[in-house]
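Q: The structure is given below, and queries will be raised subsequently.
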Amino acid sequence: MSGQADQPFLDDLSLSLDEAWKLLVRGSRDRKSPLHTPAVASVRRDGSPSQRIMVLREATRESRMLRFNTDRRASKVDDINDGAPIAILGYHPGAKVQLRLSGVGRIEHSSASCDAAWNEATLYGKRCYLAHPAPGSPVDAPTSGLDPEMEGRKPEGFEVAPARENFAVLLAEIDQIEWLYLAHTGHRRALFTWDEEKGQWTSHWLVP
Ligand SMILES: Cc1cc2nc3c(=O)[nH]c(=O)nc-3n(C[C@H](O)[C@H](O)[C@H](O)COP(=O)(O)O)c2cc1C
């Protein structure tokens, strides 16, 4: 059972916020972290909610930014475009922490940060963006969307180069973090809201 000595953040808002960002940063770097693959929710043009699992590629506390990679032709790209509301949900069973984040999403296709993300993607990762026709297109037969000749082997750099055209990054600027820590001794829930004027997070405990 976890005690306060193990979890110094238990009764401390500032340390809880530190812990939230630590988990996110670790989630972006560690493929085994459950926060590596959170659910990302957006709102369709008709107002209905839509969510999907995405790989968290980068989390930066200073800029409150999370980065995900995606296909420029995906339906979420149309929904998010430049400045749509976005929500991200993850649960880390080991840390016993649920994180509900929300903010504003932005898709970039030809920026320096998109170039950098493309450069750091693996050849297998880049291959996904060769899918034809576009992701989500109805087809008559089961398919990976890839040329069968490209399946089951590592592609060469020149083969995946045309996929850059379909590659984009989704940047989520986080302005609210809801923290829920599960403890036998009593759960803890807190809300952190970014105050743009003060340039700092405001924090409140909530009843779990
Ligand atoms: C473990 C896992 C990781 C995924 N990672 C991504 C990702 O990083 N980017 C992405 O666009 N889709 C990713 N997907 C696929 C999405 O969940 C989704 O099916 C796809 O992007 C189409 O979503 P959309 O039609 O809402 O745009 C992942 C799916 C799984 C199961």
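Q: Within the range 30-47, track down each residue that is closer than 19 Å to Gly83 by Cα and either within 10 Å of the ligand (Cβ to nearest atom) or open to solvent by less than 30 Å² (accessible area, probe 1.4 Å) (or both).
A: Ala39, Val40, Ala41, Ser42, Arg44
Q: Answer with yes or no whether Arg164 is among the basic types (Lys, Arg) and in contact with a strand residue (DSSP E or B) (Cβ under 7 Å, 6 or more places away or on another chain).
A: When the stated conditions are applied, Arg164 does not pass them.
Q: Scan Glu159, Glu108 and give me the residue that is out of contact with any strand residue (DSSP E or B) (no Cβ under 8 Å at 6 or more places or on another chain) and on the phi < 0 side of the Ramachandran plot.
A: Glu159
Q: Scan the range 53-70 and report the pairs whose first residue is away from the ligand (no atom under 12 Å from the Cβ) and whose second residue is of a type in the set (Lys, Arg) and open to solvent by less than 40 Å² (accessible area, probe 1.4 Å), with Cβ atoms within less than 9 Å and a gap of 6+ or a chain change.
A: Close Cβ pairs satisfying both conditions: Ala59/Arg67; Thr60/Arg67.
Q: Sort through Ser203, Ser144 and tell me the only one that's hydroxyl-bearing (Ser, Thr, Tyr) and part of a loop (DSSP other than H, G, I, E, B).
A: Exactly one of Ser203, Ser144 is hydroxyl-bearing (Ser, Thr, Tyr) and part of a loop (DSSP other than H, G, I, E, B), namely Ser144.
Q: Here is a follow-up. So, in the range 148-179, exactly how many residues are of a type outside the set (Asp, Glu) and over 18 Å from the mean Cα position of the chain (by Cα)?
A: So the answer is 14.
Q: Checking Gly83 against (1) touching a residue at least 24 places away in the same chain (Cβ under 8 Å); (2) open to solvent by 20 Å² or more (accessible area, probe 1.4 Å); (3) within 18 Å of Gln176 (Cα to Cα); (4) out of contact with any Phe, Trp or Tyr (no Cβ under 7 Å at 6 or more places or on another chain): exactly one of these is not met. Which one?
A: (1)
Q: Further, regarding this structure: Look at the range 42-77 and say how many of its residues are within 23 Å of Ala121 (Cα to Cα) and not basic (Lys, Arg).
A: 17
Q: Which residues, taken from the range 71-95, are in a strand (DSSP E or B) and either near the ligand (Cβ under 10 Å from one of its atoms) or more than 21 Å from Arg31 (Cβ to Cβ) (or both)?
A: Asp71, Asp82, Gly83, Ala84, Pro85, Ile86, Ala87, listed by residue number.
Q: Inside the range 110-129, can you point out the residues that are open to solvent by less than 40 Å² (accessible area, probe 1.4 Å) and either closer than 21 Å to Glu173 by Cα or of a type in the set (Ser, Thr, Tyr) (or both)?
A: Within the range 110-129, Ser111, Cys114, Ala117, Trp118, Tyr129 meet the criteria.
Q: Could you please find all residues in the range 150-208 being among the charged types (D, E, K, R), over 29 Å from Glu62 (Cβ atoms), more than 16 Å from the ligand (Cβ to nearest atom) and surrounded by fewer than 16 Cβ atoms within 10 Å (Cβ to Cβ)?
A: Matches in the range 150-208: Glu151, Arg153, Lys154, Glu156.
The values are calculated or read from the model by the stated rules, or taken from the named source; none is laboratory data. Owing to the predicted nature of the structure, the values given are computational and were not obtained by experimental measurement. Here Cβ is always computed from backbone atoms with ideal geometry, including for glycine, and neighbour counts include all displayed protein chains. What goes into the accessible areas is simple: the full protein's heavy atoms, side chains included, and nothing from ligands, DNA or RNA. Shrake-Rupley method; radii C 1.70, N 1.55, O 1.52, S 1.80 Å.
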